[in-house]
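To start, the structure under review is shown below, and the notes come after it.
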Amino acid sequence: SSEMARHGALVTRDGNIISCRGRLCGNDFALRADISSQFISGILLASPLLGGVTVRLDGTVESLDYIRMTLDVMRRFGIESSLSENIITVCSGGYRSPETVSVSGDWSGCAFWICAGAASRDGITCTGVDHGSAQGDRCIVDIVRSMGADICASANSVTVKRGKLAAVDVEAADIPDIVPPIAALAAAADGETHIRGAGRL
């Protein structure tokens, strides 16, 4: 809210009520890189309508794939941008509908079922997924495979069955949404799983 206030918006809170007044303006934003990517995505989505902006991400960037996904969707709607280290530049412009957009299945939600399948003798099949998706959480397949689950993947589905599960080390800074199902599966695996970079959780 302080960065929004610096750019013309007044954000106030009264108990559980948050009010926002004013109009964003300006072309340079600085946001902490280790907070929720949703704050960054919000500024990015508004930025073409501000005449284009530069967003500086301070510190170590986490949830980078979610930021890339936001820029990718904006590109589909006619907004050009660039991401170089901790600097995001978004061009000015108006959003234009591509008329038809195909949205792949949500790997974050699918992760719960994949982990459940890895603990199940009969297994679980998830359909409608894109293994080439920009979603970082698609790595759940590799994680449960490395834990010893039996995985069979096709073009738009993945079937997971129980194998001899063993502990793994997981770097979670870019995949916070799938830490809960990984932790649950780790409880069913032999050994001690270490999940690192999960401070925001």
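The values are calculated or read from the model by the stated rules, or taken from the named source; none is laboratory data. Just so you know, these numbers come straight off a predicted model, no measurement behind them. No Cβ is skipped: glycine too gets one built from the backbone with ideal geometry, and neighbour counts run over all protein chains shown. SASA here: full protein model, heavy atoms, side chains in, ligands and nucleic acids out. Shrake-Rupley method; radii C 1.70, N 1.55, O 1.52, S 1.80 Å.
Structure notes:
- Solvent-accessible area per residue for the chain (1.4 angstrom probe, square angstrom): 55 Å²
- Relative contact order of the range 50-201, defined on C-alpha pairs under 8 angstrom at six or more residues apart (%): 21 percent
- The mean sequence distance of close C-alpha pairs (under 8 Å, at least 6 residues apart), as a share of the length of the range 1-75, puts its relative contact order at 27 percent.
- When Rg and Dmax are taken over the Cα atoms of the range 23-138, they come to 17.0, 57 Å.
- Mean separation of Cα contacts under 8 Å, 6 or more apart, over the residue count of the range 58-131: relative contact order %: 20 percent
- Reciprocal of mean inverse Cα separation for the range 94-183 (Kirkwood radius, Å): 13.7 Å
- Estimated Rh, the chain: Kirkwood, alpha-carbon pairs, angstrom: 18.9 Å
- Residues Y66, Y95 ordered from highest to lowest accessible area at a 1.4 Å probe: Y95, Y66.
- For R32, the amide hydrogen comes within under 5 Å of the amide hydrogens of D58, counting only partners 5 or more places away or on other chains and with H modelled in the peptide plane.
- Evaluating 6.51 cos²θ - 1.76 cosθ + 1.60 at θ = phi - 60° for every residue in the range 144-155, the Karplus couplings come out as 6, 5, 5, 7, x, 5, 8, 10, 10, 10, 10, 4 Hz, glycine and proline recorded as x.
- Taking θ as phi - 60° and the Karplus parameters 6.51, -1.76 and 1.60, the scalar couplings of the range 191-201 work out to x, 10, 7, 10, 10, 10, x, 10, x, 5, 6 Hz in sequence order, x denoting glycine and proline.
- Solvent-accessible surface (1.4 angstrom probe) belonging to L57, in square angstrom, nearest 10: 0 Å²
- Estimated 222 nm signal from helices in the chain, with DSSP H stretches of n ≥ 4 weighted -39500 (n - 2.57), rounded to 500: -8000 deg cm²/dmol
- The magnitude of the dipole of the chain, with charges of +1 and -1 set on the Cβ of Lys/Arg and Asp/Glu and taken from the Cα centre, is near 420 debye.
- Span-rule helices in the chain, defined as complete DSSP H runs reaching 15 Å or more along the axis (Cα) with Kyte mean at least 1.0: 107-118
- Ellipsoid semi-axes for the range 1-47, based on the Cα gyration tensor and the rule √(5λ), read 18, 14, 9 Å when sorted largest first.
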